[in-house]
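Let me begin by presenting the structure, written as structure tokens, before commenting on it.
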Amino acid sequence: MIFELLTLFPAMSASPFADSILGKAVGKGLINICAHNLRDWAEGRHQVTDDTPYGGGDGMVLKPEPVARALDELRSRGPRPRVLLMTPQGRPFKQKHAQQLAKEERLILVCGRYEGFDERVRTLVDDEFSLGDFVLTGGELAAMVMIDAVARLVPGVLGSSGSAVSDSHSDGLLEHPHYTRPALFRDMAVPEVLLSGNHGAIASWRRREQLRRTLQRRPDLLQGAELNKQDRRWLEELREEQNGGGL
């Protein structure tokens, strides 16, 4: 899968993708990540990419022409890309979006700076995303976070194909607790069921703990989660425990 950033600061993207899981994925050719300097499509000796806003106001606004020229050329270079704009006004990025985007062959992520883009840039992209209700100094960090979230879902990137399946938010719930050695740490013991070797009982415990953790920390997620009859019975029990002070 191909990821491309369109940015004024292409060097920012080098380090985050050089090591660990994504670094190995790049080395194996499972993903390709590159950054394009927006100034390469700016005109004039000074390669100006921004200007003062019409109507006055603080800050500078990124001009539409360099972005348009860049996207026209990049779109013509290879497989048809899906072009995403990083902006605080975009849709909140969620796991379901990462799952959808992982099916694409090529993504171009356009990173803003300063006061943002000329409004007409929005007509040049396919979608707009935000990491949340806050503002960064630029779109590069948001783009790199999105690339990480999407790239780990590309087949072969993670060592275990089941790792992404059980992630928090993958099925609408938070993930169950995890434990490893030692079995006893500072008087805190690993739940006995995890040591039992009974895979059915372990699966049930993990699902129930998913529901417990989601109820405790993100009850809002339960409204949109796909729950079967057993899930609903467990939830009823967990709510009774919570109301009775058991949680």
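Only the coordinates and a few stated rules stand behind these numbers; no lab work does. Being a predicted model, the structure only gives us computed values, none of them experimental. Cβ: placed from backbone, ideal geometry, glycine included. Neighbour counts: every protein chain shown.
Applying a DSSP loop filter and a limit of 14 other Cβ atoms within 10 Å to the GluC sites (Glu not before Pro) in the stretch 182-246 leaves GLU226.
Taking VAL150, VAL67, VAL135 in turn, the Gaussian network model of the chain (Cα-Cα springs below 10 Å) assigns the largest fluctuation to VAL135. In the chain the longest region clear of chymotrypsin sites (Phe, Trp or Tyr not before Pro) that are loop-assigned by DSSP and have at most 12 other C-beta atoms within 10 Å covers 135-247.
Could you name the lysines in cross-link range of LYS28, using Cα to Cα under 28 Å and dropping any fewer than eight places away on the same chain? Answer for LYS28, where 28 Å is the Cα cut-off: LYS94, LYS96, LYS103, listed by chain and number. Kindly express, to the nearest 10 degrees and within the range 0 to 90, the angle between helix 229-243's C-alpha long axis and the longest C-alpha principal axis of the chain. Long axis of 229-243 versus the principal axis of the chain: about 80 degrees.
Panel order for MET60, MET146, MET188, by other beta carbons found within 10 Å of each beta carbon, from fewest to most: MET188, MET60, MET146. With a Förster radius of 41 Å applied to the C-beta separation of ASP19 and GLN230, the computed FRET efficiency comes to 0.45. Between GLN242 and ALA183, what's the calculated FRET efficiency when r is the beta-carbon distance and R0 is 35 Å? Round to 0.05. It comes out at approximately 0.80.
If you run the Gaussian network model on the chain, springs between alpha carbon atoms under 10 Å, then out of ALA143, ALA189, ALA18 the most flexible one is ALA189.
With everything on Cα atoms, drop me the angle between helix 64-75 and the longest principal axis of the chain, reported from 0 to 90° to the nearest 10. The answer is roughly 70 degrees.
Ordered by the count of other Cβ atoms within 10 Å of each Cβ, fewest first, VAL145, VAL110, VAL121 give VAL145, VAL121, VAL110. Gyration tensor over the Cα atoms of the chain: the corresponding equivalent ellipsoid has semi-axes (square roots of 5 times the eigenvalues, largest first) of 44, 21, 16 Å.
Restricting the GluC sites (Glu not before Pro) of the stretch 72-127 to loop positions (DSSP other than H, G, I, E, B) with no more than 12 neighbouring Cβ atoms within 10 Å leaves GLU105. Put in order of Cβ neighbour count within 10 Å, fewest first, the listed residues SER20, SER170 become SER20, SER170. Centre-to-centre, using Cα atoms only, the stretch 1-74 and the stretch 101-119 are separated by 9 Å.
Only DSSP H runs of four or more residues enter the estimate; each adds -39500 (n - 2.57), and after division by the residues of the chain the mean residue ellipticity at 222 nm equals -9000 deg cm²/dmol.
Each label point was placed 7 Å from the Cα along the Cα-to-Cβ direction; for LEU222 and GLN100 their separation is 2.7 nm.
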